[in-house]
Amino acid sequence: MGFGTALIYSLLGIAVVFLALVLLMVMIKLITALGNRLEKPAPAGEPEPAGGAEIPAAPGSTGELKLYDTDPRTAAMLMAIVADELQIPVNELRFLSIREVKEDS
């Protein structure tokens with residue numbers, strides 16, 4: 001086999017490999033497009049959770065706490081103090097928001 005024949009066989013082999021890769025790419029795109037069409041759209045009134053699945057709440061928690069002008073450490077101490085004063089476990093209390101009240105001097 002001469003150099004010219006070997007070169008032609010090599011180029012033909014490379015062309016076959018690239019053609020197979022292109023066909024695989026097209027097949028993947030088609031399957032993805034069909035899969036996206038078959039998915040059920042979310043109801044109009046409910047927003048989709050950001051970032052995929054929603055993070056479940058810890059056992060005993062009652063939802064989201066909004067902090068205004070206070071850091072989480074201070075809020076945790078305040079919740080612990082309130083629970084201790086009321087003699088009630090923290091997971092039975094519901095805190096909606098905590099706001100620092102600044103007094104004018």
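The values are calculated or read from the model by the stated rules, or taken from the named source; none is laboratory data. Values in this document were obtained by computation on a predicted structure and should not be read as measured data. Here Cβ is always computed from backbone atoms with ideal geometry, including for glycine, and neighbour counts include all displayed protein chains. Please note that ligands, DNA and RNA were not included when accessible areas were found on the heavy atoms of the full protein model with its side chains. Shrake-Rupley method; radii C 1.70, N 1.55, O 1.52, S 1.80 Å.
What to note about this one:
- Only one entry of ALA33, ALA75, ALA50 meets the criterion of being of a type outside the set (S, T, N, Q), modelled with pLDDT of 65 or more and more than 30 Å from GLU103 (Cβ to Cβ), and that entry is ALA33.
- Test: ALA80 is in contact with a strand residue (DSSP E or B) (Cβ under 8 Å, 6 or more places away or on another chain), in a helix (DSSP H, G or I) and either open to solvent by 100 Å² or more (accessible area, probe 1.4 Å) or modelled with pLDDT of 80 or more (or both): no
- Taken over the range 83-105, the criterion of being closer than 18 Å to GLU64 by Cβ and surrounded by fewer than 12 Cβ atoms within 10 Å (Cβ to Cβ) is satisfied by GLU92, ARG94, LEU96, SER97, ARG99.
- Restricting attention to the range 64-77, the residues that are assigned to a helix (DSSP H, G or I) and either open to solvent by less than 80 Å² (accessible area, probe 1.4 Å) or β-branched (Val, Ile, Thr) (or both) total 3.
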